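J.: Sharing a structure below in structure tokens format, with a few things to ask.
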4 protein chains.
Amino acid sequence: MSDFQHPEYQACIEACYACAAACDNCSTACLQEDNVKMMARCIALDMDCAALCRMAAACMARGSEFAAQVCRLCAAVCTACADECGKHQMDHCQACAQACRRCADACLAMDSAA
Amino acid sequence: MSDFQHPEYQACIEACYACAAACDNCSTACLQEDNVKMMARCIALDMDCAALCRMAAACMARGSEFAAQVCRLCAAVCTACADECGKHQMDHCQACAQACRRCADACLAMDSAA
Amino acid sequence: MSDFQHPEYQACIEACYACAAACDNCSTACLQEDNVKMMARCIALDMDCAALCRMAAACMARGSEFAAQVCRLCAAVCTACADECGKHQMDHCQACAQACRRCADACLAMDSAA
Amino acid sequence: MSDFQHPEYQACIEACYACAAACDNCSTACLQEDNVKMMARCIALDMDCAALCRMAAACMARGSEFAAQVCRLCAAVCTACADECGKHQMDHCQACAQACRRCADACLAMDSAA
């Protein structure tokens, strides 16, 4: 991606898309758990987080003038999703929590640098 | 991503998100070219392709029953975008054409395996 | 919307966005049902359908050369979602099934006219 | 939409989707103008605004706990897009500016009420 307009965003874009994939995976894996009801907030936050990560990545890749603000909000959603997923012991939740924390860190760093 | 429900989709998900980032980057890089008019179809296809790649990646990560059909359409859009971008010599267009072709190949392979 | 490039798409765009809203509403209303497990496929299809409806509407509003193909796939997803939602008696599912059928009809008509 | 979980969001959801359609239409109408270069920022903001409006509408329809924060950011992007589009006399830009202002007002009202 050396010919990207904003090579400094590359790591954050990758963290966002990795987080979106982890959230998407977690949302439907949760739907297959025996106790789906216990996972309801996890599923809802997975949907929010995946959507926001995709939008943040798109804004960065387009060099949007709102990229930093979108990343700031993305970090807040990622943190909420990580906190919720982190409460559950299933692999898909733990993997999602980890991806969310990495993405929150990357988005906060991006927002600070902007 | 070893705890993904569909580890067999992982390479295609990554190709889709790399293509989305290349298309997003290309769309706004094209807007800064001297001859923007010449880039109009490229920009329009970049928008279509980025959106479809993001949706294909999301469908795969969620294990959607429509993942294969979305990937088939994604391959068609990627191919059209690659053909258009490939006509232009700028680095962002050439990089985008390459990412689109890789994504088209990954989506077709995914559709065949489904 | 009289100054739209494609006023002939207007009704289908509106049907797509109404369907996306009904699917989004249904997905989280399902998560609050006592028997969430029974609603798992409904929730998964709601996510697919909302995403595809939003993309179809965007492609039409941009006058995308892939608008008809996206609408054709959107009609297939809407029909599957309507069939699943139609099995459940809750108001949110019945309202969603109705919005999905209207959207499927509009997308098929749009694809035939293209 | 009387069986929506959040009927109080309905007007804002509709304003968001109307704005997304106006921005999408404006983005590709701008690409067909003789002086595309002059429209570059308009096109870029149209892309941001359409994406954010779609996400705000989805968050509201799902009753997301982040709906108010997403609407607040959406209002900021809509205002920037309205200001830029408002500078251009073409019908598609004037219609887009008007849809953006209505959406910004609806999103601010939604955020205040939350």
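Taken together, the values in this text are just the output of simple stated rules run on the coordinates, not laboratory data. Keep in mind it's a predicted model, so treat the numbers as computed, not measured. So basically every Cβ, Gly included, is an ideal-geometry build from the backbone, and we count neighbours across all protein chains shown.
J.: Shielding of C:67-80 by partners, i.e. mean partner chain Cβ atoms within 10 Å per residue?
T.: 2
J.: In chain A, which residue puts its Cβ closest to the axis that turns chain A onto chain C, and how many whole Å away is it?
T.: So the closest residue, with its distance, comes out as A:V36, 2.
J.: Lys and Arg at +1, Asp and Glu at -1: add these up for the other residues within a Cβ distance under 14 Å of D:C103 and post the number.
T.: -3
J.: List, shortest first and in nm to one decimal, how far the label point of B:Q94 (7 Å from Cα along Cα→Cβ) is from its counterparts in the other copies.
T.: 4.5, 4.6, 6.2
J.: Related question: Taking a label point 7 Å from Cα toward Cβ, how far is C:Q32 from its twins in the other copies, in nm, shortest first?
T.: Result for C:Q32, in nm, nearest copy first: 2.8, 4.4, 4.6.
J.: Taking just the alpha-carbon atoms of chain B, what radius of gyration and Dmax come out, in angstrom?
T.: Expressed in Å, the Cα Rg and Dmax of chain B come to 14.1, 47.
J.: Let me ask you something else. Among the aspartates and glutamates, which have Cα under 19 Å from the Cα of B:K37 when same-chain residues fewer than 8 positions away are ignored?
T.: B:D24, B:D46, B:D48, B:D83, B:E84, B:D91, C:E65, D:D24, D:E33, D:D34, D:D46
J.: Next question, about the same structure. Let me confirm one metric for peptide C:30-39, namely the mean number of other chain beta-carbon atoms within 10 Å of its residues' beta-carbons.
T.: Counting other chains' Cβ atoms within 10 Å and averaging over C:30-39 gives 5.
J.: If I take every Cα pair under 8 Å that is 6 or more residues apart in the stretch B:7-113, average their sequence separation and divide by the length, what percent do I get for the relative contact order?
T.: Once normalised by length, the contact order is 34 percent.
J.: Rounded to the nearest 500 deg cm²/dmol, what is the calculated helix-only ellipticity per residue at 222 nm for chain B, with -39500 (n - 2.57) per DSSP H run of length n ≥ 4?
T.: Calculated at 222 nm, the ellipticity per residue is -26000 deg cm²/dmol.
J.: Let me ask something additional. Once label points are set 7 Å from the Cα along Cα→Cβ at both D:A76 and C:D105, what is their separation, rounded to one decimal in nm?
T.: Here the modelled spin labels are 4.3 nm apart.
J.: Could you give, in nm with one decimal, how far D:E8 is from each other copy of that position, shortest first, with labels 7 Å out from Cα toward Cβ?
T.: Reported distances to equivalent positions: 4.2, 4.4, 4.8 nm.
J.: Work out the FRET efficiency for D:K37 and A:A114 from their Cβ-Cβ distance, taking R0 = 30 Å, and round it to the nearest 0.05.
T.: Rounded to the nearest 0.05, the efficiency is 0.70.
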